[in-house]
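The values are calculated or read from the model by the stated rules, or taken from the named source; none is laboratory data. Here the structure is a predicted model, which means the values were calculated and not measured. Here the Cβ positions follow ideal geometry from the backbone for every residue, glycine too, while neighbour counts run over all protein chains shown.
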Amino acid sequence: MSEFSATMPKNPNDVKVSTAEAVEQILHLSKSQVEKYINCGEAYRRRYIIKQEAPTSSTLVFGIAIHTAIEQYIINMDTDDFDILEYWEHIYNEELKLHKSIVFEDSSPEEDIELGNRMLRSDELYEMLSLYKPMTVTFVTEEGERQGPAIEMPIEMHIPGIDVPFIGYIDMLCDDGIPLDIKTAKRKWTAEKAQKELQPAFYINGLEQMGMPVPGNTFRHLVITKAATPTVSLIETQRSKEEVSWALNLARIAYQGISKGVFVPNPLSWICSPSYCEFYWSCMGMENAQVCNE
Ligand code: SF4
(Lines give C-alpha, C1' and ligand atoms only; values in the text may rest on other atoms or scores of the structure.)
Protein backbone atom coordinates (compact mmCIF):
# COMPACT_ATOMS: atom_id res chain seq x y z
CA MET A 1 0.00 0.00 0.00
CA SER A 2 1.46 3.36 -0.93
CA GLU A 3 1.03 6.53 1.04
CA PHE A 4 0.79 10.00 -0.35
CA SER A 5 0.57 13.46 0.99
CA ALA A 6 -1.00 16.07 -1.25
CA THR A 7 -1.14 18.96 1.13
CA MET A 8 -0.75 22.67 0.76
CA PRO A 9 0.71 24.92 3.45
CA LYS A 10 -1.94 26.43 5.74
CA ASN A 11 -4.29 23.53 5.12
CA PRO A 12 -6.37 22.97 8.29
CA ASN A 13 -7.31 19.54 7.07
CA ASP A 14 -3.78 18.38 6.60
CA VAL A 15 -4.44 14.68 6.72
CA LYS A 16 -2.71 11.84 4.97
CA VAL A 17 -4.98 9.45 3.19
CA SER A 18 -3.70 6.16 1.92
CA THR A 19 -4.33 5.26 -1.67
CA ALA A 20 -6.40 2.29 -0.58
CA GLU A 21 -8.57 4.48 1.66
CA ALA A 22 -9.00 7.02 -1.10
CA VAL A 23 -10.08 4.42 -3.63
CA GLU A 24 -12.41 2.83 -1.11
CA GLN A 25 -14.28 6.10 -0.84
CA ILE A 26 -15.00 6.25 -4.54
CA LEU A 27 -18.33 4.54 -5.05
CA HIS A 28 -18.99 6.12 -8.40
CA LEU A 29 -17.59 8.71 -10.78
CA SER A 30 -19.48 11.60 -12.35
CA LYS A 31 -18.91 14.38 -14.83
CA SER A 32 -18.59 16.88 -11.94
CA GLN A 33 -15.93 14.74 -10.28
CA VAL A 34 -13.93 14.39 -13.49
CA GLU A 35 -14.10 18.13 -14.13
CA LYS A 36 -13.14 18.93 -10.54
CA TYR A 37 -10.15 16.58 -10.73
CA ILE A 38 -8.96 17.96 -14.06
CA ASN A 39 -9.30 21.57 -12.91
CA CYS A 40 -7.53 21.02 -9.60
CA GLY A 41 -6.56 17.73 -7.97
CA GLU A 42 -6.28 19.44 -4.60
CA ALA A 43 -9.85 20.72 -4.83
CA TYR A 44 -10.95 17.17 -5.70
CA ARG A 45 -9.03 15.77 -2.73
CA ARG A 46 -10.63 18.24 -0.34
CA ARG A 47 -14.15 17.68 -1.67
CA TYR A 48 -14.24 13.95 -2.29
CA ILE A 49 -11.41 12.35 -0.28
CA ILE A 50 -11.12 14.21 3.01
CA LYS A 51 -14.62 15.72 2.65
CA GLN A 52 -13.54 19.08 3.99
CA GLU A 53 -16.46 21.26 5.00
CA ALA A 54 -16.69 24.45 3.00
CA PRO A 55 -19.30 27.14 2.52
CA THR A 56 -21.62 26.72 -0.44
CA SER A 57 -21.54 29.46 -3.06
CA SER A 58 -24.73 31.39 -3.60
CA THR A 59 -24.28 30.67 -7.33
CA LEU A 60 -24.74 26.96 -6.68
CA VAL A 61 -27.83 27.49 -4.51
CA PHE A 62 -29.30 29.78 -7.17
CA GLY A 63 -28.55 27.32 -10.00
CA ILE A 64 -30.12 24.36 -8.18
CA ALA A 65 -33.28 26.31 -7.36
CA ILE A 66 -33.71 27.68 -10.92
CA HIS A 67 -33.22 24.17 -12.33
CA THR A 68 -35.84 22.77 -9.99
CA ALA A 69 -38.31 25.55 -10.82
CA ILE A 70 -37.94 25.04 -14.58
CA GLU A 71 -38.13 21.27 -14.27
CA GLN A 72 -41.31 21.52 -12.19
CA TYR A 73 -42.74 23.89 -14.80
CA ILE A 74 -42.08 21.30 -17.53
CA ILE A 75 -43.68 18.54 -15.45
CA ASN A 76 -46.72 20.74 -14.76
CA MET A 77 -46.84 22.40 -18.19
CA ASP A 78 -50.33 21.10 -18.94
CA THR A 79 -51.84 22.13 -15.61
CA ASP A 80 -53.36 25.57 -15.03
CA ASP A 81 -52.58 26.02 -11.36
CA PHE A 82 -48.78 25.91 -11.40
CA ASP A 83 -47.34 29.35 -10.68
CA ILE A 84 -43.65 29.17 -11.49
CA LEU A 85 -42.76 32.48 -9.81
CA GLU A 86 -44.44 31.45 -6.57
CA TYR A 87 -42.77 28.05 -6.75
CA TRP A 88 -39.38 29.63 -7.50
CA GLU A 89 -39.42 31.77 -4.37
CA HIS A 90 -40.52 28.80 -2.28
CA ILE A 91 -37.88 26.42 -3.63
CA TYR A 92 -35.11 29.03 -3.39
CA ASN A 93 -35.89 29.57 0.30
CA GLU A 94 -36.01 25.81 0.86
CA GLU A 95 -32.63 25.43 -0.82
CA LEU A 96 -31.16 28.15 1.40
CA LYS A 97 -32.15 26.14 4.48
CA LEU A 98 -30.28 23.07 3.26
CA HIS A 99 -26.83 24.66 3.49
CA LYS A 100 -25.03 25.39 6.74
CA SER A 101 -23.15 28.34 5.37
CA ILE A 102 -23.57 30.19 2.08
CA VAL A 103 -21.22 32.79 0.63
CA PHE A 104 -22.89 35.67 -1.18
CA GLU A 105 -20.17 37.53 -3.05
CA ASP A 106 -21.97 40.14 -5.01
CA SER A 107 -25.63 39.57 -4.25
CA SER A 108 -28.07 38.91 -1.40
CA PRO A 109 -30.93 36.38 -1.11
CA GLU A 110 -33.42 39.15 -1.97
CA GLU A 111 -31.42 40.15 -5.05
CA ASP A 112 -31.13 36.54 -6.15
CA ILE A 113 -34.89 36.04 -5.82
CA GLU A 114 -35.44 39.13 -7.95
CA LEU A 115 -32.91 37.91 -10.52
CA GLY A 116 -34.72 34.56 -10.67
CA ASN A 117 -38.02 36.38 -11.15
CA ARG A 118 -36.58 38.28 -14.10
CA MET A 119 -35.18 35.10 -15.65
CA LEU A 120 -38.41 33.19 -15.19
CA ARG A 121 -40.51 36.02 -16.64
CA SER A 122 -38.68 35.76 -19.95
CA ASP A 123 -41.10 35.00 -22.82
CA GLU A 124 -38.16 33.54 -24.73
CA LEU A 125 -37.79 30.82 -22.09
CA TYR A 126 -41.34 29.59 -22.55
CA GLU A 127 -41.08 29.81 -26.34
CA MET A 128 -38.05 27.51 -26.19
CA LEU A 129 -39.60 25.15 -23.68
CA SER A 130 -42.76 24.84 -25.77
CA LEU A 131 -40.67 23.31 -28.55
CA TYR A 132 -39.83 20.18 -26.59
CA LYS A 133 -41.67 17.67 -24.48
CA PRO A 134 -40.02 15.16 -22.16
CA MET A 135 -40.03 11.54 -23.20
CA THR A 136 -42.01 9.21 -20.95
CA VAL A 137 -39.69 6.68 -19.38
CA THR A 138 -39.74 3.98 -16.72
CA PHE A 139 -37.95 4.86 -13.50
CA VAL A 140 -36.78 2.07 -11.25
CA THR A 141 -37.15 3.20 -7.64
CA GLU A 142 -36.97 1.47 -4.26
CA GLU A 143 -40.76 1.30 -4.32
CA GLY A 144 -40.73 -0.39 -7.73
CA GLU A 145 -41.09 0.78 -11.32
CA ARG A 146 -43.01 3.90 -12.32
CA GLN A 147 -43.60 5.73 -15.55
CA GLY A 148 -42.98 9.45 -15.74
CA PRO A 149 -41.52 12.34 -17.72
CA ALA A 150 -37.78 12.03 -18.31
CA ILE A 151 -36.82 14.94 -16.07
CA GLU A 152 -33.69 14.58 -13.88
CA MET A 153 -33.32 11.19 -15.48
CA PRO A 154 -30.58 9.11 -13.87
CA ILE A 155 -28.04 7.50 -16.14
CA GLU A 156 -25.44 4.93 -15.26
CA MET A 157 -22.76 3.51 -17.47
CA HIS A 158 -19.62 1.46 -17.44
CA ILE A 159 -16.40 2.90 -18.81
CA PRO A 160 -13.70 0.29 -19.48
CA GLY A 161 -10.79 0.86 -17.09
CA ILE A 162 -12.99 2.48 -14.43
CA ASP A 163 -13.96 0.08 -11.66
CA VAL A 164 -16.99 2.03 -10.43
CA PRO A 165 -20.18 3.08 -12.24
CA PHE A 166 -20.19 6.44 -13.99
CA ILE A 167 -23.41 8.21 -13.08
CA GLY A 168 -25.27 11.38 -13.94
CA TYR A 169 -28.65 13.04 -14.29
CA ILE A 170 -30.07 14.41 -17.52
CA ASP A 171 -32.17 17.54 -16.95
CA MET A 172 -34.59 16.45 -19.68
CA LEU A 173 -34.60 13.73 -22.29
CA CYS A 174 -36.77 15.17 -25.07
CA ASP A 175 -39.33 12.95 -26.76
CA ASP A 176 -37.19 12.95 -29.92
CA GLY A 177 -34.46 11.17 -27.91
CA ILE A 178 -32.16 14.19 -27.57
CA PRO A 179 -30.93 15.20 -24.07
CA LEU A 180 -31.36 18.81 -22.98
CA ASP A 181 -29.35 20.49 -20.25
CA ILE A 182 -30.36 23.72 -18.52
CA LYS A 183 -27.58 26.16 -17.65
CA THR A 184 -27.51 29.55 -16.00
CA ALA A 185 -24.55 31.69 -16.98
CA LYS A 186 -23.23 35.21 -16.54
CA ARG A 187 -22.75 35.59 -20.27
CA LYS A 188 -24.35 34.17 -23.38
CA TRP A 189 -22.76 30.94 -24.58
CA THR A 190 -21.18 30.62 -27.99
CA ALA A 191 -21.42 27.44 -30.08
CA GLU A 192 -17.68 26.96 -29.47
CA LYS A 193 -18.19 26.98 -25.72
CA ALA A 194 -21.02 24.44 -25.99
CA GLN A 195 -18.84 22.23 -28.18
CA LYS A 196 -16.12 22.15 -25.49
CA GLU A 197 -18.47 20.79 -22.81
CA LEU A 198 -17.67 17.27 -21.59
CA GLN A 199 -21.20 16.46 -20.44
CA PRO A 200 -22.71 15.67 -23.88
CA ALA A 201 -20.15 12.95 -24.63
CA PHE A 202 -20.77 11.24 -21.30
CA TYR A 203 -24.54 11.39 -21.52
CA ILE A 204 -24.67 10.34 -25.18
CA ASN A 205 -22.55 7.32 -24.27
CA GLY A 206 -24.65 6.58 -21.19
CA LEU A 207 -27.90 6.65 -23.15
CA GLU A 208 -26.42 4.38 -25.79
CA GLN A 209 -25.41 1.88 -23.11
CA MET A 210 -28.95 2.05 -21.75
CA GLY A 211 -30.32 1.09 -25.19
CA MET A 212 -31.44 4.64 -26.07
CA PRO A 213 -29.00 5.85 -28.76
CA VAL A 214 -29.21 9.62 -29.28
CA PRO A 215 -30.18 10.65 -32.83
CA GLY A 216 -27.18 12.26 -34.53
CA ASN A 217 -25.33 12.20 -31.18
CA THR A 218 -26.96 15.57 -30.58
CA PHE A 219 -27.15 17.49 -27.31
CA ARG A 220 -29.20 20.60 -26.47
CA HIS A 221 -27.97 23.36 -24.15
CA LEU A 222 -30.61 25.77 -22.91
CA VAL A 223 -28.67 28.72 -21.52
CA ILE A 224 -30.30 31.53 -19.54
CA THR A 225 -28.17 34.54 -18.68
CA LYS A 226 -28.16 36.09 -15.22
CA ALA A 227 -28.45 39.64 -16.47
CA ALA A 228 -30.51 42.77 -15.98
CA THR A 229 -32.34 41.64 -19.10
CA PRO A 230 -31.86 37.88 -19.23
CA THR A 231 -31.42 36.17 -22.59
CA VAL A 232 -32.28 32.59 -23.42
CA SER A 233 -30.50 30.61 -26.10
CA LEU A 234 -30.74 27.07 -27.30
CA ILE A 235 -27.59 25.58 -28.78
CA GLU A 236 -27.44 22.14 -30.36
CA THR A 237 -24.10 20.42 -30.70
CA GLN A 238 -23.05 16.97 -31.91
CA ARG A 239 -20.32 14.62 -30.76
CA SER A 240 -18.46 12.30 -33.10
CA LYS A 241 -17.52 8.79 -32.00
CA GLU A 242 -13.94 10.01 -31.66
CA GLU A 243 -14.98 12.90 -29.40
CA VAL A 244 -16.97 10.51 -27.20
CA SER A 245 -13.96 8.14 -26.97
CA TRP A 246 -11.71 11.09 -26.13
CA ALA A 247 -13.99 12.16 -23.26
CA LEU A 248 -14.20 8.60 -21.91
CA ASN A 249 -10.44 8.35 -22.03
CA LEU A 250 -10.14 11.61 -20.10
CA ALA A 251 -12.43 10.15 -17.42
CA ARG A 252 -10.28 7.02 -17.37
CA ILE A 253 -7.09 9.03 -16.89
CA ALA A 254 -8.73 11.04 -14.09
CA TYR A 255 -9.82 7.82 -12.41
CA GLN A 256 -6.31 6.37 -12.65
CA GLY A 257 -4.90 9.49 -11.01
CA ILE A 258 -7.50 9.40 -8.24
CA SER A 259 -6.93 5.68 -7.67
CA LYS A 260 -3.21 6.25 -7.29
CA GLY A 261 -3.72 9.14 -4.89
CA VAL A 262 -2.33 11.78 -7.25
CA PHE A 263 -3.93 15.11 -6.35
CA VAL A 264 -1.97 17.94 -7.94
CA PRO A 265 -2.90 21.45 -6.75
CA ASN A 266 -3.53 23.77 -9.69
CA PRO A 267 -3.31 27.41 -8.59
CA LEU A 268 -3.25 28.32 -12.31
CA SER A 269 -6.71 26.87 -12.91
CA TRP A 270 -9.62 29.16 -13.81
CA ILE A 271 -11.44 27.82 -10.74
CA CYS A 272 -8.69 29.04 -8.40
CA SER A 273 -10.54 32.05 -6.99
CA PRO A 274 -12.92 32.75 -4.10
CA SER A 275 -15.77 32.70 -6.64
CA TYR A 276 -15.20 29.23 -8.04
CA CYS A 277 -13.24 27.24 -5.45
CA GLU A 278 -15.05 26.59 -2.18
CA PHE A 279 -11.71 25.81 -0.52
CA TYR A 280 -10.04 29.05 -1.53
CA TRP A 281 -10.03 30.58 1.94
CA SER A 282 -8.30 27.57 3.50
CA CYS A 283 -6.01 26.76 0.58
CA MET A 284 -5.45 30.23 -0.94
CA GLY A 285 -4.05 28.89 -4.22
CA MET A 286 -1.35 31.14 -5.61
CA GLU A 287 -1.56 33.59 -2.70
CA ASN A 288 -0.23 30.75 -0.58
CA ALA A 289 2.89 30.59 -2.72
CA GLN A 290 3.34 34.34 -2.38
CA VAL A 291 3.09 34.13 1.40
CA CYS A 292 5.63 31.29 1.42
CA ASN A 293 8.10 33.45 -0.54
CA GLU A 294 7.95 36.33 1.94
S1 SF4 B 1 -7.60 27.35 -3.97
FE2 SF4 B 1 -6.79 26.84 -6.01
S3 SF4 B 1 -5.13 25.34 -5.64
FE4 SF4 B 1 -6.41 25.43 -3.77
S5 SF4 B 1 -7.91 23.82 -4.01
FE6 SF4 B 1 -8.83 25.67 -4.81
S7 SF4 B 1 -8.40 25.66 -7.01
FE8 SF4 B 1 -7.02 24.21 -6.04
Residue in segment 254-273 that is under 21 Å from residue 64 (Cβ atoms), in contact (Cβ under 8 Å) with a residue 40 or more places away in the chain and touching a helix residue (DSSP H, G or I) at 6+ places or on another chain (Cβ under 8 Å) present: yes
Hits in segment 256-290 (condition: more than 9 Å from the ligand (Cβ to nearest atom), under 27 Å from residue 200 (Cβ atoms) and touching a Ser or Thr at 6+ places or on another chain (Cβ under 8 Å)): 259, 275
Sole residue being away from the ligand (no atom under 16 Å from the Cβ), hydrophobic (A, V, I, L, M, F, W, C), part of a helix (DSSP H, G or I) and crowded, with 17+ Cβ neighbours inside 10 Å, chosen from 222, 248: 248
Single unsatisfied condition, residue 128 versus (1) assigned to a helix (DSSP H, G or I); (2) modelled with pLDDT of 95 or more; (3) touching a strand residue (DSSP E or B) at 6+ places or on another chain (Cβ under 9 Å): (2)
Hey, residue 205 over 22 Å from residue 125 (Cα atoms) and touching a Lys or Arg at 6+ places or on another chain (Cβ under 8 Å) or not: no
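If we scan segment 194-217, do we find a residue that is free of Cβ contacts under 8 Å to residues at least 40 places away in the same chain, assigned to a strand (DSSP E or B) and touching a strand residue (DSSP E or B) at 6+ places or on another chain (Cβ under 6 Å)?
For segment 194-217, residues free of Cβ contacts under 8 Å to residues at least 40 places away in the same chain, assigned to a strand (DSSP E or B) and touching a strand residue (DSSP E or B) at 6+ places or on another chain (Cβ under 6 Å): absent.
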Checking residue 253 against (1) more than 16 Å from the ligand (Cβ to nearest atom); (2) at negative phi; (3) not in a helix (DSSP H, G or I), the condition it does not meet: (3)
2 or more residues in contact (Cβ under 8 Å) with a residue 60 or more places away in the chain and within 15 Å of the ligand (Cβ to nearest atom): qualifying helices (runs of 4 or more DSSP H) within segment 23-100: 31-39, 41-44
Criterion violated by residue 261 - all others in (1) within 17 Å of the chain's Cα centre (by Cα); (2) modelled with pLDDT under 95 satisfied: (1)
Conditions (1) in contact with a helix residue (DSSP H, G or I) (Cβ under 9 Å, 6 or more places away or on another chain); (2) farther than 30 Å from residue 122 by Cα; (3) not aliphatic (A, V, I, L, M): number failed by residue 249: (1)
